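Encoded as structure tokens, the structure appears first; notes follow it.
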Amino acid sequence: MDQQLLKNRIDSAAGRIPADCVIKNGKVVDVFNGEIFEADIAIHEGYFVGIGSYEGKEIIDAEGKYISPSFIDGHVHIESSMVLPHEYAKILLQHGVTCAIADPHEIANVTGTAGIEFMFKQSENLPFDFYFMLPSSVPATRFESSGAEIDSVDLLPLYKNPRVLGLAEVMNSHSVLHAEEDMVQKLLHAQKQQKKIDGHGAGLDATGINVYRAAGISTDHECTAEAEARERLRKGMYLMIREGTVAKDLRNLISVVTERNSRRCLFVTDDRHLDDIISQGSIDHNVRLAISCGISPVTAIQMASLNVAECFGLGERGAISPGYKADFLILDHLEDIKIHSVYKDGKLVNAVNEASDSFRTPTVPEALTNTVHYPDIEHTDFQIKMKSHTANIIEIIPNSLITKHAVEEIDVNANGEFTVSIVKDQLKLAVINRHHRHKQIGLGIIKGLQMTDGAIATTVAHDSHNLIIAGTNDDDMILASKEIKKMQGGLAVVCGGRVLSSLPLPIAGLMCSLSYQETETALHQLNQALKSLQSSSHFNAFLTLSFLSLPVIPEIKLTDQGLFLVSAFQHIPIDASFPAEQAELVL
């Protein structure tokens with residue numbers, strides 16, 4: 001801020017010059033004291049400058065409505081929306097979110113630092129504030145093949161970007177627990193620059209949390225149970241309460257929040273798909289859900305605004321107070337967070353859900369649109385040879401990232417190969433390396449998808465984003481692999497030798513250049529096609545599929561290198577006639 005701007009702000013606050021805008025007749029949500037009061041709100045040059053009695057060049061009559069700070073998403077992967085940042089911002093603004101802390105590790109796993117720089121560029125100069133945490137684990141583990149590897153030296157120059165707030169979710173807990181050199185360097189670089197370090201403590205016990213805190217890691221969004229949440233809070237972590245598309249943890253955790261600890265709790269979405277944001281909301285959905293679970297509206301709003309800002313050192317955001325950025329909402333109702341209008345930097349950007357048009361057309365480097373490479377897939381590539389009739393199986397838990405390690409009897413044909421059983425709900429699962437042009441395929445058996453026919457495939461496969469396919473038969477799985485390669489990434493539903501529906505995601509196999517409205521229409525068509533294959537409507541098989549290759553989430557996953565038991569932190573054979581501890585001897 002230059003001298004004249006500061007002088008203008010002081011003069012406006014003192015009433016010597018009129019404010020640009022004054023809001024009258026509104027009920028102010030005070031996130032500092034947990035109260036609601038009535039007063040004029042003066043705004044000058046994009047900042048709140050006074051609360052009391054003011055006159056301005058423009059008067060906004062709030063007509064008794066509530067004036068709330070706008071919302072901040074404390075941890076999100078933009079790529080999971082499948083649209084580019086400028087389209088993503090349009091949707092979030094409609095839901096009262098004016099700022100997001102993004103981790104671009106999805107695109108980084110495909111295209112390295114070029115992908116990170118791309119996300120920086122695409123999120124500039126928007127009526128929305130995007131901040132970033134730098135990906136800490138590319139790849140997430142050494143037990144999978146990603147399109148890039150990013151070490152501490154690669155990350156260091158990126159801290160020069162003023163919108164970089166720190167090091168993103170440290171998900172390679174093994175490297176932290178064993179103080180591996182490059183991970184220690186990443187942690188040190190962040191600490192030396194006084195940056196934040198986000199955690200990813202899935203499955204960590206109390207000792208593991210001690211290690212994370214000792215390493216300077218101060219947040220976690222992977223809690224799924226009260227005991228885990230209490231342990232993080234007790235150790236001084238910020239508790240990120242996640243309500244995403246697959247991982248829905250808020251109802252399980254919200255009872256942990258009290259008047260004594262609420263200031264250490266905040267909301268995140270992590271991975272939330274476009275259609276869910278449009279239909280249900282983003283952080284506003286978290287706030288509404290928390291209120292429905294008994295949290296007071298002012299506390300829920302505080303968790304979605306001031307708490308996030310303070311966690312990440314964004315001192316000018318998160319409250320309606322002099323000296324803070326004038327990012328706020330006018331709410332018709334407090335209990336259900338019904339948004340009347342959204343203001344960013346004191347300017348109206350969204351009135352009655354009509355998004356602003358002040359967004360630019362993106363340009364995409366060619367290197368980011370040619371990322372899907374693997375040889376043609378054949379029937380023999382999907383053969384699962386067995387020495388017994390007992391298999392290690394991935395059993396899904398609907399609406400959870402966590403899976404169960406099941407050991408079950410399977411059907412085996414005369415050639416000693418696993419055969420799919422619709423009755424037992426045992427299907428084939430394949431993860432195909434799509435980065436390195438050679439054929440490398442991990443095979444497994446999946447239970448719980450409840451598909452009765454066909455195959456589904458996607459290159460949205462966290463976090464290395466190889467091609468993952470689940471199917472009831474090899475022919476449809478092969479056709480799905482062909483469709484994905486033709487599109488250079490995306491999602492496909494195949495049945496009976498036909499592609500029923502598909503959505504191309506040619507930008508790193510993760511995003512498209514379509515508008516969010518066009519993308520929503522395509523997702524709707526995909527989901528309709530999926531319904532013809534899936535007997536259950538309680539969860540979306542695509543969303544579940546996309547996390548089955550993430551080897552840092554318990555209990556068992558599949559990478560392009562094979563079946564992976566997270567607790568043992570090693571690959572294991574599909575054949576369960578060998579104990580897991582002997583896995584290295586038989587692989």
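Laboratory data are not the source of any read-out in this text; all were calculated from the coordinates shown. Computed from a predicted structure; not experimentally measured. Backbone-built Cβ (ideal geometry, glycine too); neighbour counts: all protein chains shown.
In table form, for the structure just shown:
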item: Beta bridges per DSSP with both ends in the chain, % antiparallel, nearest 5; result: 70
item: Ranked Arg288, Arg234, criterion: other C-beta atoms within 10 Å, fewest first; result: Arg234, Arg288
item: Residue-averaged 222 nm ellipticity for the chain, from DSSP H runs of 4+ at -39500 (n - 2.57), nearest 500; result: -7000 deg cm²/dmol
item: Total formal charge among the other residues, if their Cβ is under 9 angstrom from that of Val256, Lys/Arg +1 and Asp/Glu -1; result: 0
item: Loop-resident sites, the stretch 388-467, for trypsin sites (Lys or Arg not before Pro), counting at most 12 other Cβ within 10 Å (DSSP); result: Arg437
item: All-pairs Cα distance distribution in the chain, expressed in whole percent, bin size 10 Å; result: 3, 17, 27, 26, 16, 7, 3, 1, 0, 0
item: Square roots of 5 times each gyration tensor eigenvalue, C-alpha, the stretch 289-355, largest first, Å; result: 20, 19, 9
item: The stretch 124-193-the stretch 220-285 distance, computed between alpha-carbon centres (Å); result: 22
item: Sorted by Cβ density within 10 Å, fewest first, the residues Asp73, Asp345, Asp129; result: Asp345, Asp129, Asp73
item: Three principal axis lengths of the stretch 72-317 [C-alpha, angstrom, descending]; result: 46, 42, 34
